[in-house]
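These notes concern the structure reproduced below.
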Amino acid sequence: MRATGLTIAAASVILALAGCRKTPDGIIPPDQMTDLLIDMHKAEGVADMDYRDWGNDSSKLLLRDAVYGRYNADQAKVDSSLAYYGRHIGEYMDIYNEVITRLEEEVDRSEAIGNQSIHLTIVGDSANAWPLSRRIVLNSMSPAKVVAFSLNRDDNWENGDLYTWNAKIINARSSIKWHIGAEYTDGALEWNFVESNEGNDAVSLSLQTDSTKSVDHVFGYAVTSPMDDEIIYLDSISLMRERLNPLSYPRRNRQQRARPLSEDSISKKQ
């Protein structure tokens, strides 16, 4: 019994030492990194909901620096830490799962406020209309290698709305093909696409809708083929809708378009 007790005690010490492995200098420790990421998600949520006050880059930088300052960090230290945890994927998964768990617990504790916030993000001149989770994980074992959405027209839509699909890409070695499009009530299609390369990057893909037509629905999809040992994280996903801006409207000239099929064309196909 004594030998068994010593064995258990020794194992406990080994596990404790393993759990207390020192984080390299200049790298944010796991617990602190978890808290920082949670605060960043909250700050980004505030910016998304109050786009008038926080929609410009300088305001977002002030908000970001305020969060970093709470943890005595700056962008360089955060980038180095993300790169470190990207090379130690087990530790990153522990942090990521803890962030998701704690954020979901906070949503559950404030369900009424959460529902009100969701309503606020889809109404107004500048709004976040993203309908799915803001954090998505893709790997070779995922049932699907596609992130897709489709939004049907509602009373808040206006002709000429601009939609911008944003996401942060972490730990990708495979490219991702992004598409965003709209189908109009007359059957015409319009779309835009981009391909993001490997690494930690951000993607921002816009679709400028026709100011003379009514959109029936807006859709989008991102497709990738992760390698066997690859785990891709899509974070801070948003779909920002802005009203018609004459300065940005000419970007429609770079989009792909397909005219609606005429009745004669349909009958010939049949």
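When each of D229, D216 is tested for being out of contact with any helix residue (DSSP H, G or I) (no Cβ under 7 Å at 6 or more places or on another chain), acidic (D, E) and more than 15 Å from W191 (Cα to Cα), the lone residue that passes is D229.
Tallying residues that are within 27 Å of S140 (Cα to Cα) and open to solvent by 10 Å² or more (accessible area, probe 1.4 Å) within segment 164-195 yields 13. When V146, V137, V123 are screened for being at pLDDT below 80 and either open to solvent by 30 Å² or more (accessible area, probe 1.4 Å) or out of contact with any Ser or Thr (no Cβ under 9 Å at 6 or more places or on another chain) (or both), only V123 passes. Within segment 180-198, residues that are over 19 Å from R241 (Cβ atoms) reach partners that are among the hydrophobic types (A, V, I, L, M, F, W, C) and in a loop (DSSP other than H, G, I, E, B) with beta carbons closer than 7 Å, at six or more positions or on different chains, in the pairs G187/L261.
Using the structure shown, decide if N72 is in contact with a strand residue (DSSP E or B) (Cβ under 8 Å, 6 or more places away or on another chain) and at pLDDT 80 or above. In short, no. The set of residues in segment 58-69 being within 12 Å of E44 (Cβ to Cβ) and at pLDDT 80 or above consists of V67 alone.
Taken as a whole, the condition of being at pLDDT 75 or above, in contact with a strand residue (DSSP E or B) (Cβ under 8 Å, 6 or more places away or on another chain), surrounded by 11 or more Cβ atoms within 10 Å (Cβ to Cβ) and closer than 18 Å to L234 by Cβ does not apply to N159.
With respect to the conditions (1) under 14 Å from the mean Cα position of the chain (by Cα); (2) closer than 19 Å to Q256 by Cβ, L234 lacks only one, and its number is (2). With respect to (1) within 27 Å of M40 (Cα to Cα); (2) modelled with pLDDT of 90 or more; (3) surrounded by fewer than 16 Cβ atoms within 10 Å (Cβ to Cβ), the lone exception for M240 is condition (3).
The values are calculated or read from the model by the stated rules, or taken from the named source; none is laboratory data. It should be emphasised that the depicted structure is a prediction, and the values quoted were computed from it without experimental measurement. As a convention, Cβ positions derive from the backbone with ideal geometry for all residues, glycine included, and neighbour counts pool all protein chains shown. Areas reflect the complete protein model, heavy atoms only, side chains present, ligands, DNA and RNA absent. Shrake-Rupley method; radii C 1.70, N 1.55, O 1.52, S 1.80 Å.
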